[in-house]
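Step one of this worksheet: look at the structure below.
The values are calculated or read from the model by the stated rules, or taken from the named source; none is laboratory data. Quantities reported herein were computed from a predicted structural model and do not represent experimental measurements. Cβ placement follows ideal geometry from the backbone for every residue including glycine, while neighbour counts extend to all protein chains displayed. These area figures cover heavy atoms from the full protein model, side chains too; ligands, DNA and RNA do not enter into them. Shrake-Rupley method; radii C 1.70, N 1.55, O 1.52, S 1.80 Å.
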Amino acid sequence: MGRTAKDSLVKGIIYLATGITLSVLLSIVGFIFVKGISLVNWDFLTRDYNEKVVYAFMESGDVPLSIDEENLNNKQPYDQRYETLLEGPIYVENIGAAISKVSYKNHSTEREQIVISYIEKDSPLNGAIDSTGKAIIIGTDYILQSINGTDFSDMTLEEVSKTISAESGELKIKVVQPGGGIKSNIITTLYMVLLSLIVALPLGIFGAIYLTEYAKPGRLVNAIRFAAECLAGIPSIIFGLFGMAFFVVAMNLQISLISGSLTVAIILLPVIIRSTEEALKTVPMAFREGSLALGATKLQTIFKVVLPCAVPGIATAVLLSIGRVVGESAALLLTAGTVAQIPGTLFSPGSTLTVQAYYVAKEEGNIELACAIGIVIIVIVIVLNILSRITSDKLDVFNKK
Amino acid sequence: MDTNIKFNTKNLDLFYGDFQALKSINMEIREKEVTAFIGPSGCGKSTFLRCLNRMNDLIDSVKINGEILFDGKDINGPIDVINLRTRVGMVFQKPNPFPMSIYENIAYGPKCQGMKDKNQLDALVKESLTKAALWDEVKDRLNKSALGLSGGQQQRLCIARTIAMNPEVILMDEPTSALDPIATAKIEDLMSSLKKDYTIIIVTHSMQQAGRISDKTAFFLMGEVIEFNETPIIFTNPHDKRTEDYITGRFG
């Protein structure tokens, strides 16, 4: 074969490999987007995953409808992924809101329910409080279940509206806040990122400082470095098992935010140590000499000269770490649990986005929802990437002229 | 004892592992003079210079025998190295300003010693930059990064940074080797003006430079001081054949 032919053959293989890689990547992201994008909207991001029953107290009012009938009929704020309109809407003056009857159907439940489809600005619903006197928000798409003890199930919409209209004075309404959102998972993920970085960053940075600035090169340093490298290669489920045995059981921290973040902090340590070490190594020896020659102590030299120079590298470590936490599922499944709730304390469980994606896909068979969560994860990772790049550019002492 | 003697080394040997880099150096360096070290590459002149403020501590394999007396006190004994380095400053071959503002570069040393007062620092920065003949060039950009300065300005900044510590001795390790002739001339002028306040010890590859600026010159070869004398004598009437060969360009 001639040399030119060989060249073009190799070139072809290179192009093909690149093409395959790119198309696999694009098709995965494309699949996730196509499957999940219809579920992603504001409600999805801001609602809890579980429905929540609330008792709301208010004074009945007498609020006339301020928009015309046709306009009211066009208001269909209910969740059209799961709900189809059966009857209504009918406007009820003493609660200042329109109600509709819809059939609700998702992959596991099917039922009929009364939902609020429109709320007037002066509606008593907007001034509702709960039994402790705290203001609560009632929005459209919330489910109405009873008023002053009269249950609405098996009633037609007409009967419901009459029942409500008959009441006056103090009203006690049982509403259900619709679920299906991932607010709690987003917040748990952010908590997890924050907590694990708070633990792992100082430890990792100090470890790297020891390795590059203090330790005499030799067996011990090599052993530590080797251990860090091995640690980086161990699958996270192993760390999960350790976290479960040590933090959850032995230290009795339960399946909780703190157990999860400590476990993830261990997973992050080698990543942070290694990238910080690389960053410290690139700081020229001349800076250290210059500082020491001015009568600075070693500690002053490290903290005032060497570390600031290494900040862009450390920022990269932080980025890698955040990516790792956001993407971690196996270890968290075992240590932080799968409860879709906003953890009230460090010792409450909570599920991150990836764990939730696993949970809805595996336990509920809801691939679309898992893909929708996937989209959110991808967007978060991209945003974090951009942010970290901007901050690391901003902090780069060598770029400022 | 002669009080004018700043440094006095006695039988100084220095080893890098098994390699002997300095062989029995005996030298007296006087106060407020410029002493130049010349010699071919690898002859030990920079190594010797770095002994004088214990910069060789940074290298693990270094072993030192003999005495280096600074104002009569052995600096390899139980002394405060930090204190020594504030009294014996150093300027390096390549300009190494820290990646901070010009102001912060100068204020760094004093701040490390605990100086906090803003007015005091401001005055010190101005004074040091003026002494280093840099004030007029940088007074409007004190808060800009020092890395934006030219090489010659950076080196004068490093000198100013050293002056800010108000040292007794300034060690200079080939301070102009990375600079162009104009920047070099400026630094040489600076050195002559600094001579009245400081003891200056300079390592240089340029014999013309040694001839222009120094009072005393030491010729190093293979870790030994071959000849140490008044500069005019070294350059016009050297006693040793090897010195003559070197300065006339027969080797090195």
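Output the antiparallel fraction of DSSP beta bridges having both residues in the protein assembly as shown, as a percent to the nearest 5. Walk me through the numbers on the way to the answer.
On the way: 59 of 76 bridges.
Roughly 80 percent of the beta bridges in the protein assembly as shown run antiparallel, per DSSP.
How much FRET efficiency would the formula 1/(1 + (r/R0)^6) give for residue A:168 and residue B:117, where r is the Cβ-Cβ distance and R0 is 51 Å, rounded to 0.05? Please list the in-between numbers first.
Numbers: r = 75 Å, r/R0 = 1.47.
So, using R0 = 51 Å, E works out to roughly 0.10.
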Ordered by residue, what ³J(HN,Hα) values in Hz, to whole numbers, does the range B:201-216 give under the Karplus form 6.51 cos²θ - 1.76 cosθ + 1.60, where θ = phi - 60° and Gly and Pro are x?
10, 10, 9, 9, 8, 9, 5, 4, 4, 4, x, 6, 10, 9, 8, 10
Note on the range A:38-175: the mean projected area of its alpha-carbon convex hull, in nm², is 8.5 nm²
Sequence-separation-based contact order of chain B, relative, with Cα cut under 8 Å and 6+ spacing, percent
27 percent
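With a cut-off of 8 Å between alpha carbons and a minimum separation of six or more residues, what is the relative contact order of the range A:183-395 in percent? Don't skip to the end; give the middle numbers.
Working: 297 pairs, mean separation 62.2, N = 213.
Reported relative contact order: 29 percent.
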Among B:128, A:94, B:113, whose Cα sits farthest toward the positive end of the charge dipole of the protein assembly as shown (+1 at Cβ of Lys/Arg, -1 at Cβ of Asp/Glu, about the Cα centre)?
B:128
With the dipole of the protein assembly as shown defined by +1 on each Lys or Arg Cβ and -1 on each Asp or Glu Cβ, the option from B:213, B:162, A:23 whose Cα lies farthest towards the positive pole is B:213
Quote the FRET efficiency, to the nearest 0.05, computed for residue B:240 versus residue B:30 with a Förster distance R0 of 22 Å and r equal to the Cβ-Cβ distance.
0.55
Which value, in nm² and rounded to one decimal, describes the direction-averaged projected area of the C-alpha convex hull of the protein assembly as shown?
46.9 nm²
With a point put 7 Å past each Cα toward its Cβ, work out how far residue B:5 is from residue B:141 in nm, to one decimal.
4.7 nm
Vicinal HN-Hα couplings computed from phi for the range B:181-186 (Karplus, 6.51 cos²θ - 1.76 cosθ + 1.60; Hz; Gly/Pro x)
x, 5, 4, 4, 4, 4
Amide H partners (placed H, <5 Å) of residue A:112, local residues excluded
A:104
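Taking all protein chains together and a probe of 1.4 Å, list B:235, B:92 from the most accessible to the least accessible. Can you show the working numbers first?
On the way: B:235 60, B:92 15 Å².
Descending order: B:235, B:92.
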Along the charge dipole of chain A, pointing to its positive end and built from +1/-1 on Cβ of Lys, Arg, Asp and Glu, which listed residue (A:316, A:337, A:237) has its Cα farthest out?
A:316
Using only helices, what value at 222 nm comes out for the protein assembly as shown when you add -39,500 (n - 2.57) per DSSP H run of length 4 or more and divide by the total residues, to the nearest 500 deg cm²/dmol?
-14500 deg cm²/dmol
With contacts defined as alpha carbon pairs under 8 Å and 6 or more residues apart, what's the relative contact order of chain A in percent?
18 percent
Inverse of <1/r> over all distinct C-alpha pairs of chain B, i.e. the Kirkwood Rh in Å, gives 18.8 Å
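Let's see if you can work this out: charge +1 on each Lys and Arg Cβ, -1 on each Asp and Glu Cβ, no other charges. What is the dipole magnitude of the range A:183-395 about its Cα centre, in debye to the nearest 20?
Numbers: 13 positive and 10 negative charges, 124 e Å.
Dipole about the Cα centre, nearest 20: 600 debye.
Given R₀ = 45 Å, what would the calculated FRET efficiency be for residue A:237 paired with residue A:37, taking r from the Cβ atoms and rounding to 0.05? Please list the in-between numbers first.
On the way: r = 31 Å, r/R0 = 0.68.
E between residue A:237 and residue A:37, to the nearest 0.05, is 0.90.
How much length, in nm to one decimal, is gained on full extension between residue A:282 and residue A:105, taken as 0.36 nm per residue of separation minus their Cα-Cα distance? Don't skip to the end; give the middle numbers.
Details: separation 177, 0.36 × 177 = 63.72 nm, distance 5.92 nm.
Answer, rounded to one decimal: 57.8 nm.
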Note to self: C-alpha centroids of the range A:183-229 and the range A:237-275 sit apart, in Å, by 13 Å
Residue A:118's amide H: which non-local residues (gap 5+, or another chain) put their own amide H closer than 5 Å, with H modeled 1.01 Å from N in plane and none for Pro or chain starts?
A:98
Nothing charged except the Cβ atoms of Lys and Arg (+1) and of Asp and Glu (-1): what's the magnitude of the dipole of chain B about its Cα centre? Round to the nearest 20 debye.
560 debye
Binned at 5 Å starting from 0, the alpha-carbon pair-distance distribution of the range B:132-252 in whole percents comes out as 2, 10, 19, 20, 16, 14, 8, 5, 3, 2, 0
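Kindly compute the accessible surface that chains B and A hide from a 1.4 Å probe when together, both sides summed, and give it to the nearest 100 Å². Please report the intermediate quantities before stating the final value.
Details: alone 11870 and 21390 Å², together 31240 Å².
Protein heavy atoms only, the B-A interface buries about 2000 Å².
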Could you give me the ³J(HN,Hα) list for the range B:237-243, computed from phi with Karplus coefficients 6.51, -1.76, 1.60 and θ = phi - 60°, whole Hz, x at Gly and Pro?
9, x, 7, 9, 4, 5, 5
Residue A:136 long-range amide H proximity, modeled H, under 5 Å:
A:128, A:129, A:130
In nm, give the distance between the simple-model label positions of residue A:23 and residue B:222, each being 7 Å from the Cα along the Cα-to-Cβ direction.
7.2 nm
Would you mind counting up the charge near residue A:193? Only other residues with Cβ under 13 Å from its Cβ, with Lys and Arg at +1 and Asp and Glu at -1.
0
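If you place +1 on the Cβ of every Lys and Arg and -1 on the Cβ of every Asp and Glu, how big does the dipole about the Cα centre of chain A come out, in debye to the nearest 20?
The dipole magnitude comes to about 3220 debye.
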